[in-house]
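The values are calculated or read from the model by the stated rules, or taken from the named source; none is laboratory data. These figures come from a predicted structure and were not determined experimentally. Positions of Cβ are backbone-derived with ideal geometry, glycine not excepted, and every protein chain shown enters the neighbour counts.
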Amino acid sequence: MFNIRCPWCGDRPEIEFSYGGDASRSRPDAPETLSDDAWHDYVFIRDNPAGPHAEYWQHTGGCRQWLRALRNTTTHEILATAAPGEPLPLSGERK
Ligand SMILES: [Zn+2]
């Protein structure tokens, strides 16, 4: 078992959280200009990275807030967490 730092509750056991998906993607700026193939790729095609990966998690067994986590997919270590809309430390993101 490992802990995840909820931005609102602090360090909590991972069993209190639910995985919410890939947080490294952003919605296309002009979706009306996308082809069907480009939409297909945006909706269904995912990378399978080995190493740090930005993910959405929800603190379902606690405050029920959504957060983003930078998780090493090979070790499951949570490297950083942040509230949605905030830069994710160690990911290279900026506000
Ligand atoms: Zn929480």
statement: In region 32-82, anything within 16 Å of the ligand (Cβ to nearest atom) and over 16 Å from GLY92 (Cα atoms) is listed as TYR56, TRP57, GLN58, HIS59, THR60, GLY61, GLY62, CYS63, ARG64, GLN65, TRP66, LEU67
- request: Working only within region 43-75, note down all residues that are in contact with a Phe, Trp or Tyr (Cβ under 6 Å, 6 or more places away or on another chain), part of a loop (DSSP other than H, G, I, E, B) and not hydrophobic (A, V, I, L, M, F, W, C).
  value: HIS59, GLN65
statement: GLU86 vs (1) surrounded by 12 or more Cβ atoms within 10 Å (Cβ to Cβ); (2) in contact with a Phe, Trp or Tyr (Cβ under 9 Å, 6 or more places away or on another chain); (3) acidic (Asp, Glu): all pass except (2)
message: For region 1-42, which positions are more than 13 Å from the chain's Cα centre (by Cα), aromatic (Phe, Trp, Tyr) and either assigned to a helix (DSSP H, G or I) or modelled with pLDDT of 95 or more (or both)?
response: TRP8, TRP39, TYR42
field: Qualifying positions in region 60-74 - free of Cβ contacts under 8 Å to residues at least 60 places away in the same chain and either within 20 Å of SER18 (Cβ to Cβ) or crowded, with 17+ Cβ neighbours inside 10 Å (or both)
entry: THR60, GLY61, GLY62, CYS63, ARG64, GLN65, TRP66, ARG68, LEU70, ARG71, ASN72, THR73
query: What number goes with the only condition from (1) at pLDDT 95 or above; (2) within 17 Å of PHE2 (Cα to Cα) that HIS76 does not pass?
result: (1)
